[in-house]
1. So what's the gap between the Cα centers of the range 118-135 and the range 1-73, to the nearest angstrom?
2. Quote the charge dipole size of the range 72-156 about the Cα centre in Debye, to the nearest 20; the model charges only the Cβ of Lys and Arg (+1) and of Asp and Glu (-1).
3. Enumerate the calculated ³J(HN,Hα) couplings along the range 22-29 in order (Karplus 6.51 cos²θ - 1.76 cosθ + 1.60, θ = phi - 60°), each rounded to whole Hz, writing x wherever the residue is Gly or Pro.
4. Farthest toward the dipole's positive end in the chain, which of 67, 111, 125, given Cβ charges of +1 (Lys, Arg) and -1 (Asp, Glu) about the Cα centre?
5. What fraction, in whole percent, of alpha-carbon pairs in the range 59-133 exceed 22 Å separation?
6. Given +1 on the Cβ of Lys and Arg, -1 on the Cβ of Asp and Glu, and no further charges, what dipole in debye does the chain carry about its Cα centre, rounded to the nearest 20?
7. Looking at the calculated P(r) for the range 70-109, what percent of the C-alpha pair distances fall above 14 Å?
8. Can you work out the Karplus-derived ³J(HN,Hα) for every residue in the range 124-139? Use 6.51 cos²θ - 1.76 cosθ + 1.60 with θ = phi - 60°, whole Hz, and x for glycine or proline.
Amino acid sequence: MAAVTARFLASTDGVLEEIAAEFGLTPREVAACLPASTGVCVPGELFEEIMRDVSEWGVALFLVHTPDLILECAGSVPYGTMAQGYFNLIGDSPIGGHLRRWRCAAIQFISRPVMGHDSHAIVFFNIEGGVMFKIFVGRDARHALKPDQVARFLALRDRLAIHAEAGHERAG
């Protein structure tokens with residue numbers, strides 16, 4: 001982890017999953033190496049509160065990264081409801097599905113460049129330290145971050161910062 005921390009001193013840019021593979025770590029371990037200035041990590045118990053807030057943001061970017069694909073879907077994130085052991089995202093949006101909410105161990109608010117562009121993301125980590133999914137602040141037609149969503153992201157991050165996990169105060 002010391003090597004990743006040193007890497008981030010030069011630049012915080014990069015894809016968590018790719019850095020994790022390069023250094024033999026989990027994405028959550030990589031995220032914990034980011035400087036404190038990039039954000040905050042909160043417990044997974046805040047999952048539903050975060051999803052409720054994000055459901056009011058309008059069109060954002062929902063991203064799922066596996067070894068075989070990076071799936072990006074722009075749309076309004078439905079709030080969802082718990083049923084049959086899943087947090088179900090159902091609504092009039094291209095974003096939908098059934099999330100194993102109970103597997104969410106931590107949620108990190110991250111503000112840093114990704115592929116050379118400023119970004120704000122909420123990263124949901126599972127109990128193994130992998131990334132369940134990410135929600136990025138949306139961009140307008142000129143590829144600029146949506147100011148209203150940046151404000152919502154920062155307000156939510158700052159409000160929940162009091163719940164920062166011991167040892168994982170830094171973002172990833």
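1. Using only Cα atoms to place each centre, the spacing works out to 5 Å.
2. Numbers: 9 positive and 6 negative charges, 26 e Å.
I would put it at about 120 debye.
3. 4, 9, x, 10, 7, x, 5, 5
4. Result: 111.
5. Numbers: 695 of 2775 pairs.
Percentage above 22 Å: 25.
6. That gives a dipole near 140 debye.
7. Above the 14 Å cut-off, the range 70-109 has 54 percent of its Cα pairs.
8. Rounded to whole hertz, the list is 9, 9, 8, 5, 8, x, x, 8, 6, 6, 10, 10, 9, 4, x, 10.
The values are calculated or read from the model by the stated rules, or taken from the named source; none is laboratory data. Just so it is clear, the model here is predicted, and its values are computed rather than measured. For neighbour counting, all protein chains shown are included, and Cβ atoms are generated from backbone atoms with ideal geometry for every residue, glycine included. Please note that ligands, DNA and RNA were not included when accessible areas were found on the heavy atoms of the full protein model with its side chains. Shrake-Rupley method; radii C 1.70, N 1.55, O 1.52, S 1.80 Å.
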